[in-house]
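Written out below as structure tokens is the structure these notes cover.
We did not get these values from a lab; they are worked out from the coordinates using the rules stated. The model shown is predicted, which means the values in this text are computed figures rather than measured ones. FYI the Cβ positions are ideal-geometry reconstructions off the backbone, even for glycines, and counts take in every protein chain you see.
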Amino acid sequence: LEVDDALLDAIREGGVVIKGGDDDEAVLCTRDVTYAVKRVDSTNTMWLLRPGEREALVGGREDSVARVAAVANSHLELVEVAPRLERLRAMLLRHPYAGPDEAPDAAGLVGHAAVRASVQASDTQLSRALRQLGAFELDGALRVASSAYQHDVLNRLVWTAFSEGYELSAVPEVGVCEAMNKDEAVRSEMVRHVLLEFSEPDSDVLGGTWSLDLGKVATAYAAELVAEKPRWALDQLLAEWKERMPEGMPVSAELLRGLALLEPRKEAPDVMEAKAFCEAALPRAPAQRFAALFAERARWAWEDLGPYVEPLDVGTPDTKTDVLLMRYTRKIQPDADKPPLYGKR
Amino acid sequence: MVVQMRCGCGACDEWAMVELQGEVRLQVEDSGAQPHELDLGEFCADQGSGKAAFTIGYHRLQGKEEKLKRPLAILEAAPDDGAQGARVLQVVGVIRRKFIFRDRPRALITPRDAATLRTKKKPGADFFAAARKKAKADSLQ
């Protein structure tokens, strides 16, 4: 296997594996990176000799014998590749968690170890993907909540916190768990998952108290509205949105980035419209995503385009945002004083 | 399926490699000799210049020692780890340099003798001794 000293160190430290299913191309994963394993054939013949044989080869005495231990005519090469995450999505989205009333189906559920063994990604890449999917552990299995149930729990959590008089910047986990368990059993793992998902990063510093990310919570409510009706007059959307949340929650067009596009109504240009355009519903592969984006709009300002391009970054060099922009777009500058627009390359 | 990669005993030890263009074939069809008893040829290398010469059968190859652009780790399948038959691949050595023979081999015998060799099933031992003697006579300059 062609290596470099960094890889040899990684192998020595442990944590380097080769994995794949019977029909997969093998990958080698270190803690952080995934490589495809390729075999390179050669018309040459390579003889391998053990360490001790070198003296016999070089400046050896007349009668010394060097023994060939093995013969090879190919070697393995590593090529860094993007992690193969489709299988993870398939595994976890097969049985989205929809609440304690779900039909027991142990057959399709997988635990972390099984996921790690089957998904061709490094541990770092896998963790990142699990966070992005919003996966959490329930009864030994990795689950992803159905978006309907998750919003349901979030809604109850927010209103419970409000009615119990909790500050949204200091929501006590035990308190909300108890309150929510009273009326309809919500598993504490689910409550914790929602708190984790919708809180400021590192907000659980005090242990058990969470500071909610109000913008993220509000956006979840907006997502529900946009899913219910794909076209809204902006002010109607804002009004309905405000209604559904307790007082003090943020309501703004800026929070709609990645959910809807704001455009003046064709028939009545002074009315702003919100048109559903959900990042999560777009193709995940960069080429297809950019095709979908440019099918929707020929030219994009970065502030509108960003929320749809940034999630494509999976941590590999070729999915960095600036690399993708260079590859799939061209910059257009119709107005010298206005920021540039992006069009199809 | 997951295969663990580990460093086995002597993982850091440097192995030697000899690389030849093409393949080495047995002149002797079925001498009954086991592969590990076969005499492959005579190898000579000069530590200082890194030049090497290799005589295989009636061919003489000139080459040199080179450092590999990227090292090669030698992998060996280790016996299953016991626990659920976990599979392990061990690094048992590293190759950082090789002797490579790129030049066209030089025949040490005349074409007529070579033709004779091809028709004979088993050439006489003296045949190769004569070739080796000639090889020794040429020095490594």
In chain A, if every C-alpha pair distance is counted and binned at 20 Å from zero, what percent goes to each bin?
22, 47, 22, 8, 1
9 Å beta-carbon shell around A:Thr124, net charge (K/R +1, D/E -1):
0
Rounding to the nearest 20 debye, state how big the charge dipole of the protein assembly as shown is about its Cα centre with +1 on each Lys and Arg Cβ and -1 on each Asp and Glu Cβ.
3260 debye
Quick one: Cα centre-to-centre distance for segment A:256-331 and segment A:150-222, in angstrom?
31 Å
What does the charge add up to near B:Leu89, with Lys and Arg as +1, Asp and Glu as -1, over the other residues with Cβ less than 10 Å from its Cβ?
+1
Rounded to whole Hz and in sequence order, give me ³J(HN,Hα) for segment B:37-48 from the Karplus expression 6.51 cos²θ - 1.76 cosθ + 1.60, θ = phi - 60°, writing x for Gly and Pro.
9, 6, 7, 7, x, 10, 10, 9, 9, 9, 4, x
At 222 nm, what helix-only mean residue ellipticity would the protein assembly as shown give, in deg cm²/dmol to the nearest 500, using -39500 (n - 2.57) for each DSSP H run of four or more?
-9000 deg cm²/dmol
Pull out the extension gain between A:Ala281 and A:Glu55, defined as 0.36 nm times the separation in residues minus the alpha carbon to alpha carbon distance; nm, one decimal.
74.9 nm
Given 0.36 nm per residue, what is the gain on full extension from A:Glu184 to A:Asp123 after removing their alpha carbon distance, in nm?
18.3 nm
Fewest-first sequence of A:Glu254, A:Glu102 by Cβ atoms within 10 Å of each Cβ
A:Glu254, A:Glu102
Provide a whole-number value for the mean count of partner chain Cβ atoms within 10 Å of the Cβ atoms in peptide B:6-18.
5
Once the Cα gyration tensor of segment A:82-146 is found, what semi-axes does its equivalent ellipsoid get, as square roots of 5 times the eigenvalues, in whole Å, sorted largest first?
21, 11, 10
Largest first and rounded to whole Å, the semi-axes √(5λ) derived from the alpha carbon gyration tensor of segment A:43-86 read 38, 11, 8
Shielding of A:70-81 by other chains, given as the mean Cβ count within 10 Å, works out to 2
Förster-model FRET efficiency, 25 Å R0, B:Asp103 and B:Glu23, C-beta, rounded to 0.05:
0.90
Can you sort A:Tyr221, A:Tyr149 by how many other beta carbons sit within 10 Å, fewest first?
A:Tyr149, A:Tyr221
Ordered by fewest other Cβ atoms within 10 Å, a rough proxy for footprinting exposure, B:Lys69, A:Lys275, B:Lys98 read B:Lys69, A:Lys275, B:Lys98
Calculate, for A:Glu228 and A:Lys266, the FRET efficiency according to 1/(1 + (r/R0)^6) with r their C-beta to C-beta distance and R0 30 Å; round to the nearest 0.05.
0.85
How many times 2.2 N^0.38 Å is the alpha carbon radius of gyration of segment A:282-328?
1.04
Longer than 24 Å from Cα to Cα, which of A:Lys182/A:Lys242; A:Lys275/A:Lys344; A:Lys38/B:Lys69 are they? Say none if no pair is.
A:Lys182/A:Lys242
